Amino acid sequence: MDGLIQESQFVGWVYQMDYEQALILTRDEWKLRARGVPLNCFLVAAAVSKKTDAPREILLLRVTGPMALPQDGEATQAKIEACQGRAADQARDNTKDEFQFGGLKCRVLGTFYERDGRLRLGSDIESYASAAQLAVYRPTGAALEKIINYISPERAVAAEEEARRLGLNGELPRFPIGTVRYASTDRLHRGDGAEPATFHLNAVDFLARRTAVFGMTRTGKSNTVKQLVSVVMRTGTERGLKIGQIIYDLNGEYANANQQDQGSIAEVYPEDTIRYRMIPTPGFEPMLNNFYRQISEGHNTLRGLIEGSKLPRSADVEAFLSLDFEEPRKEDSSSDHEYQRQLAQHRLKLAAYQTMLTRAGYEPPAGFEIRFEVIPGVRQKVNRTVDPANGLSPAQAYDWFDMARKIQEELITIGGASWIGPDTNVLMNLMLQKNDQGGYIPGFRLLQPFKDYHAPNRSTDVCNEIYDHLAAGKIVILDLSVGDPGQRERLGKRIARHIFQSSMAVFNAGRLPPHVVIYVEEAHNIIGRTAPLTEIWPSIAKEGAKARIAMVYATQEVSSLHPNILANTENILVSHLNNENEINELARYYDFRDFAVSLIRAQDVGFARVKTLSNPFVIPVQIDKFDPEREKRRAARGNAGRPADSP
Ligand SMILES: Nc1ncnc2c1ncn2[C@@H]1O[C@H](COP(=O)(O)OP(=O)(O)OP(=O)(O)O)[C@@H](O)[C@H]1O
Ligand SMILES: [Mg+2]
């Protein structure tokens, strides 16, 4: 408990107390010397003894308002009389001793004590002596830092264990995010000469946990997210810990420098940031898949699009939706011969699908060739000059299928009724715009509106690629500011599902998944009040912790979020809210009610009230401004310190 009491910060005496609250007698002069006593500020109280013994316990208090003293009535009358007796130009004379005293009401937040040499904080008081003389101080600087960054010995042990698992020596890292601020007016307690107290978010509180960022528009939510991304990146680099971070950037503010802020995450960490977009843009990776190569992903995307559209559903369309492009497995076949037959049919099916895509206007990758095998008799009959096993251009492949359909009857007599298989038949129908009876169908035309979802230059599944980046500790920014909103939502979900499922698979195999932090803006859209908890986003919010996925979500409205998820959120950062409804929603959690007045009244940007898992109470913090220039300099220094072979 060394250093918690700062003699110079004495502000008064406890004159009455119980389990819940303490009343304090204070005096203008003392308050001024301690640089003021703002509403909601922390105070510490300890028994004074004649001996030089250090106090055995120190109470932690929070100022919740003024308290009338018994003599206040008389004093007020005397003050009024003094004022009345003076002319307007006379100097005020209210400095008389009895006028200077005042009362403060405080809530008891807990008790600091020591056991086995370690500082502990109980969240109440065990007992109180009515006659005790408790001196009260307003902690600043190092003392205040100790209080707000307190972590219980149990949690510290857990943190150290986690650190060992990660191969780090000592404690897990902490992320500095701001300094204590009590009130909008901060001339004294944060002015020149005041000692700031830095607040840290413990990595154990943050990693594999949920963090909510609330506040009205333009009160610094995105800044908080940027600040978090950069401290996590910086601390991870310093400590050699890989923490992948992915930002769902709805407004493009993380991916691009905007005019107001001059600098973005992508600019600060150019080597560690990978940006994705749904439309081709220099400097961005395509967030889409190549339909010719990621066949199942592409087909899934098309299925989602068709199901979500108002397109007429003919029998052919239904058949297309229920296709499955999984490769046949050897163990599912009765014999090797049967397996080979299925494999050949599967390749023929892929060929028909790819040919149909080209027909629908989906640009094939440069130099793309379509290959498949058919029995020699069929090959001779369709076109004796080409062998599809050697590769056909998409145009040649189309001619091949067109001819095969024209002489279908003959081919059946050669190759048997099932030489093409039912799935290939469906695809040929769509490609050639004819149903089984030879009647016209729109066929591939139905797929034409979705051409933009295909990325001809991509060679791997975007989800796998993103997951690999995250596992390598990179920052991935999904710039969702451009492109179709429906597609954005579906792709966003698919990526989230892939991250969740990949990490769960690692976890279920008994290994440690990589640390991943997912940041989402406008969270009420994805984990809203009515969202079924089985959907992917609520699932991540609920169960991501197991798979070491942390989620940070930002929204303006506390009330619009799923209550179940909010109740399971370990860290809450909230800046200005403008109405009682939102405050009441929040006031149901922890001691946020103490801040109801200040949250509505103070509109200061970045002035947040923060509750973290480790801290048993809310701490008012001014979040640091994300400063791209400073971060760039830091990042440059950090990179210089990296081993030469590190990525
Ligand atoms: N802690 C801070 N200190 C100083 N300025 C800040 C701080 N936080 C944010 N700002 C500035 O205030 C403005 C609004 O911040 P920001 O974009 O983070 O708000 P927001 O809550 O995300 O708004 P919106 O709801 O519109 O997304 C920005 O110009 C930003 O630079
Ligand atoms: Mg924002």
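Listing for the model above:
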read-out	value
Scan of region 520-546 for residues that are more than 16 Å from ligand 2 (Cβ to nearest atom) and in a helix (DSSP H, G or I), ordered by number	Ile536, Trp537, Pro538, Ser539, Ile540, Ala541, Lys542, Glu543, Gly544, Ala545, Lys546
Glu297 vs. criteria in a helix (DSSP H, G or I), free of Cβ contacts under 8 Å to residues at least 60 places away in the same chain, of a type outside the set (Phe, Trp, Tyr) and away from ligand 2 (no atom under 16 Å from the Cβ)	no
Region 501-528 - residue that is touching a residue at least 60 places away in the same chain (Cβ under 8 Å) and surrounded by fewer than 22 Cβ atoms within 10 Å (Cβ to Cβ) and, of those, nearest to Ser575 (Cα to Cα)	Glu522
Residue check, Ala602 under 24 Å from Lys226 (Cα atoms), open to solvent by 20 Å² or more (accessible area, probe 1.4 Å) and at pLDDT below 95	no
Some residue of region 78-100 being open to solvent by 30 Å² or more (accessible area, probe 1.4 Å), modelled with pLDDT of 85 or more and not in a loop (DSSP other than H, G, I, E, B)	no
Selection count where residues are within 11 Å of ligand 2 (Cβ to nearest atom) and in contact with a Phe, Trp or Tyr (Cβ under 6 Å, 6 or more places away or on another chain), scope region 185-234	3
Residue in region 43-74 that is farthest from Gly110 (Cα to Cα), counting only those that are touching a residue at least 12 places away in the same chain (Cβ under 8 Å) and among the β-branched types (Val, Ile, Thr)	Val48
Region 220-247, subset of a type in the set (Lys, Arg) and more than 13 Å from the chain's Cα centre (by Cα), residue farthest from Met551 (Cα to Cα)	Arg239
Residues within region 369-398 that are open to solvent by less than 30 Å² (accessible area, probe 1.4 Å) and either in a loop (DSSP other than H, G, I, E, B) or at positive phi (or both), tallied	3
Residue ID - farthest from Gln9 (Cα to Cα), chosen from residues in region 37-75 that are among the polar types (S, T, N, Q) and at pLDDT below 85	Gln71
Test for Leu241: is it in contact with a Ser or Thr (Cβ under 8 Å, 6 or more places away or on another chain) and in contact (Cβ under 8 Å) with a residue 60 or more places away in the chain	yes
Top-ranked residue of region 194-207 - restricted to ones that are under 16 Å from the mean Cα position of the chain (by Cα) and among the aliphatic types (A, V, I, L, M), ranked as nearest to ligand 1 (Cβ to nearest atom)	Leu201
Sole exception among (1) touching a Lys or Arg at 6+ places or on another chain (Cβ under 6 Å); (2) of a type in the set (Gly, Ala, Ser); (3) under 24 Å from Asn568 (Cβ atoms) for Ala531, by number	(1)
Top-ranked residue in region 208-219 [being over 10 Å from the mean Cα position of the chain (by Cα) and open to solvent by 10 Å² or more (accessible area, probe 1.4 Å); ranked as farthest from ligand 1 (Cβ to nearest atom)]	Ala208
Within region 547-568, considering residues that are out of contact with any helix residue (DSSP H, G or I) (no Cβ under 6 Å at 6 or more places or on another chain) and in a helix (DSSP H, G or I), the one least open to solvent (accessible area, probe 1.4 Å)	Leu566
Residue list for region 578-588, restricted to those being in a helix (DSSP H, G or I) and either open to solvent by less than 60 Å² (accessible area, probe 1.4 Å) or more than 26 Å from Lys542 (Cβ to Cβ) (or both)	Glu580, Glu582, Ile583, Glu585, Leu586, Ala587
Filter result for the condition that a residue is outside any helix (DSSP H, G or I) and out of contact with any helix residue (DSSP H, G or I) (no Cβ under 8 Å at 6 or more places or on another chain), over Gly492, Gly510	Gly510
Verdict on Tyr254 being within 16 Å of ligand 1 (Cβ to nearest atom), open to solvent by less than 30 Å² (accessible area, probe 1.4 Å) and not in a strand (DSSP E or B)	yes
Failed condition for Asn290, given (1) open to solvent by 20 Å² or more (accessible area, probe 1.4 Å); (2) under 22 Å from Gly483 (Cβ atoms); (3) polar (S, T, N, Q)	(1)
Test: residue in region 220-237 that is more than 12 Å from ligand 1 (Cβ to nearest atom), on the phi < 0 side of the Ramachandran plot, in a loop (DSSP other than H, G, I, E, B) and at pLDDT 90 or above	no
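So that you can scan it fast, the table gives a plain yes or no per residue for (1) open to solvent by less than 50 Å² (accessible area, probe 1.4 Å); (2) at positive phi:
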residue	(1), (2)
His576	yes, no
Tyr590	no, yes
Pro616	no, no
Lys625	no, no
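The values are calculated or read from the model by the stated rules, or taken from the named source; none is laboratory data. Since the model is a prediction, treat every value here as computed from it, not as a measurement. For neighbour counting, all protein chains shown are included, and Cβ atoms are generated from backbone atoms with ideal geometry for every residue, glycine included. Quick note on the areas: whole protein, heavy atoms, side chains included, nothing else; ligands and nucleic acids left out. Shrake-Rupley method; radii C 1.70, N 1.55, O 1.52, S 1.80 Å.
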